[in-house]
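These notes concern the structure reproduced below.
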Amino acid sequence: MGKAKKTRKFAVAKKIISTKDTRVKSVAEKNKAKQKAELEKAKPKQVEQAVSALFFQYNTQLGPPYHILVDTNFINFSIRNKMDIIRSMMDCLLAKCIPCITDCVMGELEKLGEKYRIALQLAKDPRFERIPCNCKGCYADDCLVQMAKQWRCFIVATCDKELRSRIRKIPGVPAMYITNHKYTVERMPEAFGAPR
């Protein structure tokens, strides 16, 4: 038995799905993205209400006596540099200062344990004002940022670079930090300790 001869078919091309067909993934994804964009355009936009305390970038709520939200590492670095917190704040701002501590910062200090007991004793000083916060067991940095955004009447004292960069994004809220064994304030031109 011999092989059956097949006749060749000329000019026959394989059938290909067109690029505009909905079965092609990229086209389907583009269509979905287009529908999503149309839905977002249809939604009403919500504009955040401007803070009435700000005159351009200048915060009119900031004035003596200054309320200063203190972070955990700020207390620790102040102790390491052998600085009295309240006196150094007054030297920096040339006015009365009331250091404030939120519940989250206090909790963070208590969690640090025996090594940081001096910082905890200092935080329990009656000259420090205790501010209750509504957040339950949240990260202390998030709590400070939320308090600063909500009230806009605080100076935030911290040595944490990441937290300082987050505070720079909030208009009208200055940050205090330690440089060369003294306190310095960012974005507050009338302060003595402001960087030149």
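Checked against (1) open to solvent by 20 Å² or more (accessible area, probe 1.4 Å); (2) touching a strand residue (DSSP E or B) at 6+ places or on another chain (Cβ under 6 Å), Leu69 passes all but condition (1). Filtering segment 118-149 to residues that are among the basic types (Lys, Arg) and part of a loop (DSSP other than H, G, I, E, B) leaves Lys124, Arg127, Lys136. Considering only residues that are among the hydrophobic types (A, V, I, L, M, F, W, C), over 17 Å from Ile85 (Cβ atoms) and open to solvent by 10 Å² or more (accessible area, probe 1.4 Å), which ones fall in segment 146-179? If the condition is that a residue be among the hydrophobic types (A, V, I, L, M, F, W, C), over 17 Å from Ile85 (Cβ atoms) and open to solvent by 10 Å² or more (accessible area, probe 1.4 Å), then Met147, Trp151, Cys153 are the ones that fit. For beta carbons closer than 9 Å, sequence separation of 6+ or different chains, a first residue in segment 96-111 that is on the phi < 0 side of the Ramachandran plot and a second that is buried (at least 22 other Cβ atoms within 10 Å of the Cβ) and among the charged types (D, E, K, R), the qualifying pairs are Val105/Asp71; Glu108/Asp71. For segment 121-141, check the following and say yes or no: at least one residue is among the small types (Gly, Ala, Ser), crowded, with 19+ Cβ neighbours inside 10 Å, farther than 26 Å from Ala53 by Cβ and more than 17 Å from the chain's Cα centre (by Cα). Yes, the conditions are met somewhere in segment 121-141.
The number of residues in segment 17-46 being open to solvent by 100 Å² or more (accessible area, probe 1.4 Å) and modelled with pLDDT of 75 or more comes to 15.
A quick yes/no check of all residues on (1) within 21 Å of Ala191 (Cβ to Cβ); (2) modelled with pLDDT of 95 or more:
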residue: Asn76; (1), (2): no, yes
residue: Cys100; (1), (2): yes, yes
residue: Leu112; (1), (2): no, no
residue: Lys115; (1), (2): no, no
residue: Cys135; (1), (2): no, no
residue: Ala148; (1), (2): yes, no
residue: Arg152; (1), (2): yes, no
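Name the residue that is nearest to Asp103 (Cα to Cα), counting only residues in segment 113-152 that are touching a strand residue (DSSP E or B) at 6+ places or on another chain (Cβ under 9 Å) and among the acidic types (Asp, Glu). Within segment 113-152, the match that is nearest to Asp103 (Cα to Cα) is Glu129.
I'm checking my understanding of the structure. Among residues of segment 74-116 that are assigned to a strand (DSSP E or B) and among the β-branched types (Val, Ile, Thr), which one is surrounded by the fewest Cβ atoms within 10 Å (Cβ to Cβ)? Result: Ile98.
Every condition in (1) within 22 Å of the chain's Cα centre (by Cα); (2) polar (S, T, N, Q); (3) loosely packed, with under 10 Cβ neighbours inside 10 Å holds for Asn59 except the one numbered (3).
The values are calculated or read from the model by the stated rules, or taken from the named source; none is laboratory data. What you see is a predicted model; the values in this text were computed from it and never measured. Glycine also receives a Cβ, built like all others from the backbone with ideal geometry; neighbour counts cover every protein chain displayed. These area figures cover heavy atoms from the full protein model, side chains too; ligands, DNA and RNA do not enter into them. Shrake-Rupley method; radii C 1.70, N 1.55, O 1.52, S 1.80 Å.
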